[in-house]
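Everything below concerns the one structure shown next.
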Amino acid sequence: MSQTLNYPRWLVAAFSVAFASVLILAYGIRGAVADPSSSLAVGPTDQVPDLVMLPLADFRLSTENGRKVLRFTVHTENKGGTLDLTGSRSNASTASLTVVQNMHQTGGGVRSIRTNAAMRFAVADGHDHWHVSNFAEYKLRPVGSSTWRGAHKEGFCARDTVHIEGNAPRSFPNNCEPGRSDALKVAEGISTGWADRYDWDLWGQFIELDRLALPGDFCVAATADPLHLFAEAPKDNNTTSSLVRITAQDVRVMRQGC
């Protein structure tokens, strides 16, 4: 047999007020979280680099090992946040340095990102310093052909060579640890508004022209980070190209873009 419990009216009223207060408090907290206008703390964000290949310059013909070659100057500018790379190895018996990208953030923080890039000590160019492999790519094809041929230069010492715009300081002025084949850690990069320049007369800064019909029209292209080794955006400004006419005696730029 069931029994009905009779509570005093004052106790029922007190319980009802307390329950209503809990509901109001819970709704208020939920509303504060859901309200996009509420002043919640925002965490640091990445200042992503933006590598831009500037128009090619200083085209000229030369001869290397008895073969005619095309030479030109390349500028890779960084229009975004600092490109900061650190190569390291545990001991000197390992030939390559593994590379992390140090992503600078708003508020002054830095977070490290693992990459598939490598640094190698280069001696063939006479610089005797550390290069970031596949940092850029140069190539040429005859107009009307889909077959490209590449340049000799594949590794690059990424550093602040030329100031292009803005007021960011020069953070990477060194020459990539010259003579330090025993180095265990190497810092390279390009600061905001600075460019890494490779002049036409440097070693490897050419594409061979043997077995190509001259005179002729050719597309010459240069791409920054062709293998997408680094976090940087956007990607649609990483390549520049020039349409050039090459004869046996000289080279002339017909237009930018091809």
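The values are calculated or read from the model by the stated rules, or taken from the named source; none is laboratory data. Since we're looking at a predicted model, the values are computed, not measured. Cβ sites come from the backbone with ideal geometry, for glycine too, and all protein chains shown count toward neighbours.
The figures follow:
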| item | result |
| --- | --- |
| From the options N167, N174, residue that is among the polar types (S, T, N, Q), under 23 Å from M119 (Cβ atoms) and free of Cβ contacts under 8 Å to residues at least 40 places away in the same chain | N174 |
| Pair list, Cβ < 8 Å and 6+ apart or interchain, from the stretch 207-219 residues that are touching a residue at least 40 places away in the same chain (Cβ under 8 Å) and in a strand (DSSP E or B) to residues that are surrounded by fewer than 14 Cβ atoms within 10 Å (Cβ to Cβ) and acidic (D, E) | E208/E64 |
| Scan of the stretch 40-49 for residues that are at pLDDT 80 or above and either touching a Leu at 6+ places or on another chain (Cβ under 9 Å) or not acidic (D, E) (or both), ordered by number | G43, P44, T45, Q47, V48, P49 |
| Options S191, S171: the member that is surrounded by 15 or more Cβ atoms within 10 Å (Cβ to Cβ) and under 15 Å from the mean Cα position of the chain (by Cα) | S191 |
| S62 being closer than 30 Å to K185 by Cβ, surrounded by fewer than 16 Cβ atoms within 10 Å (Cβ to Cβ), modelled with pLDDT of 95 or more and polar (S, T, N, Q) | no |
| Residues (crowded, with 17+ Cβ neighbours inside 10 Å, among the β-branched types (V, I, T) and farther than 20 Å from H129 by Cβ) located in the stretch 81-114 | T82 |
| Selected residue (only one of R197, R170 is under 25 Å from R71 (Cα atoms) and among the basic types (K, R)) | R197 |
| Filter pass, Q105 being under 18 Å from E232 (Cβ atoms) and either among the basic types (K, R) or touching a Pro at 6+ places or on another chain (Cβ under 8 Å) (or both) | yes |
| Tally of residues being farther than 18 Å from R252 by Cβ and touching an Asp or Glu at 6+ places or on another chain (Cβ under 9 Å) across the stretch 196-221 | 8 |
| So R245, is it charged (D, E, K, R), on the phi < 0 side of the Ramachandran plot and not in a loop (DSSP other than H, G, I, E, B) | yes |
| V220 touching a Leu at 6+ places or on another chain (Cβ under 8 Å) and under 30 Å from S90 (Cβ atoms) | no |
| Answer residue from the stretch 220-242, given it is part of a strand (DSSP E or B) and closer than 15 Å to T76 by Cα and is nearest to the chain's Cα centre (by Cα) among those | A224 |
